[in-house]
Amino acid sequence: MSSRSIITLGATFFAASILAIAGANITKTMHVSGNCKMCKKNIEKPLKSLDGIETASWDKDTKQLTVTFDPEQITEKKILETVAGAGYDSDSLRASDEVYSKLPKCCKYRDGGHGHE
Ligand SMILES: [Cu+2]
């Protein structure tokens, strides 16, 4: 192998490692209120359609939303805004009453769990 191709190879590895750092996804867990399987769908679906989100998973038992995303493409704030836009409260952002009122009865988490008839 010539010294030139060794340099080229070295430069390629260097560039690849920079790209790997720049494109690194991070995983964050946040508390999001909700009740049921339908909430899970309502919370995850709009997130998964966003650019920069690799995975989004909400657990109805722990109320924890775990999102893996590319911080170059999307911010945590935008994620929480999307969750609030779907009608769900997180620790730092509350959904508007208007959006919340449109949630199905089973998803009304604010009045102590399942909706009253
Ligand atoms: Cu629900």
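Label-to-label distance for LYS60 and ILE26 is 3.1 nm, based on points extended 7 Å past Cα in the beta-carbon direction. What residue among GLY87, GLY34, GLY52 shows peak mean-square fluctuation when the chain is described by a Gaussian network model with Cα springs under 10 Å? Answer for the Gaussian network model of the chain: GLY52. Axis angle, to the nearest 10 degrees, between helix 76-85 and the longest C-alpha principal axis of the chain: 30 degrees.
Compute the signed sum of charges (Lys and Arg +1, Asp and Glu -1) over the other residues within less than 12 Å, Cβ to Cβ, of THR55.
Taking every other residue near THR55 into account, the sum is -1.
With respect to the chain, whose longest principal axis is taken over its alpha-carbon atoms, helix 37-48 is tilted by about 40°.
Per the 1.4 Å probe, what fraction of the accessible area of the chain, in percent, lies on carbon and sulfur atoms? Ligands and nucleic acids excluded, carbon and sulfur reach 58 percent.
Pairs from the table (LYS78/LYS102; LYS28/LYS105; LYS45/LYS108) lying more than 24 angstrom apart at Cα are LYS28/LYS105. To the nearest ten degrees, helix 3-22 and the longest principal axis of the Cα atoms of the chain are 10 degrees apart.
Here the relative contact order of segment 25-107, from alpha carbon pairs under 8 Å that lie six or more residues apart, stands at 33 percent.
Largest GNM mean-square fluctuation across ILE43, ILE53, ILE26, computed for the chain with C-alpha springs under 10 Å, falls on ILE26.
The values are calculated or read from the model by the stated rules, or taken from the named source; none is laboratory data. Keep in mind the model is a prediction, meaning the values are calculated, not measured. Methodologically, a virtual Cβ is constructed for each residue, glycine included, from the backbone with ideal geometry; neighbour enumeration extends over all protein chains shown. We work out accessible area using only protein heavy atoms, side chains counted, and drop any ligands, DNA or RNA first. Shrake-Rupley method; radii C 1.70, N 1.55, O 1.52, S 1.80 Å.
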